[in-house]
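Asks: I have a structure I would like to understand better, so I am pasting it below and will then ask my questions one at a time.
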Amino acid sequence: MDGLQMRSLILANQDLKNVSIVMLTTEATGELKEKAKSIGIKAWIPKPYKNESVMMAVKKFVKD
C-alpha cells in the first residue's frame, strides 16, 4: 500500500478522516502531488529531506 492508498482508507474512517497527513516521499511528479492534494494530503516533502522541513510542515497542523 502506498501513501495515497493509505490516505483513502483514512478518509473512509469517520474517526480519522480529519487527520492531517504530511507525506514523505521519493516521488516528485506534479501529477502525484495534485492527486495527493485532491485527497487531502496537507504537505508533500520529497526525500531526501531535512528534519527542519518536516518540523515546519508538522507545526502547521499541531494545535496547542
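Asks: Given the conditions (1) open to solvent by less than 80 Å² (accessible area, probe 1.4 Å); (2) over 19 Å from Met1 (Cα atoms), which single one is not true for Met56?
Replies: Here Met56 clears every test but (1).
Asks: Moving to a separate point now. What is the one condition in (1) open to solvent by 70 Å² or more (accessible area, probe 1.4 Å); (2) touching a Phe, Trp or Tyr at 6+ places or on another chain (Cβ under 6 Å) that Lys35 does not satisfy?
Replies: Failing condition for Lys35: (2).
Asks: Which condition number does Ala28 fail, the rest of (1) hydrophobic (A, V, I, L, M, F, W, C); (2) surrounded by 12 or more Cβ atoms within 10 Å (Cβ to Cβ); (3) over 11 Å from the mean Cα position of the chain (by Cα) being met?
Replies: Of the numbered conditions (1) hydrophobic (A, V, I, L, M, F, W, C); (2) surrounded by 12 or more Cβ atoms within 10 Å (Cβ to Cβ); (3) over 11 Å from the mean Cα position of the chain (by Cα), the odd one out for Ala28 is (2).
The values are calculated or read from the model by the stated rules, or taken from the named source; none is laboratory data. Nothing here was measured: the structure is a model prediction, and the numbers come from that model. So basically every Cβ, Gly included, is an ideal-geometry build from the backbone, and we count neighbours across all protein chains shown. Heavy atoms of the whole protein, side chains included, go into the accessibility calculation; ligands, DNA and RNA do not. Shrake-Rupley method; radii C 1.70, N 1.55, O 1.52, S 1.80 Å.
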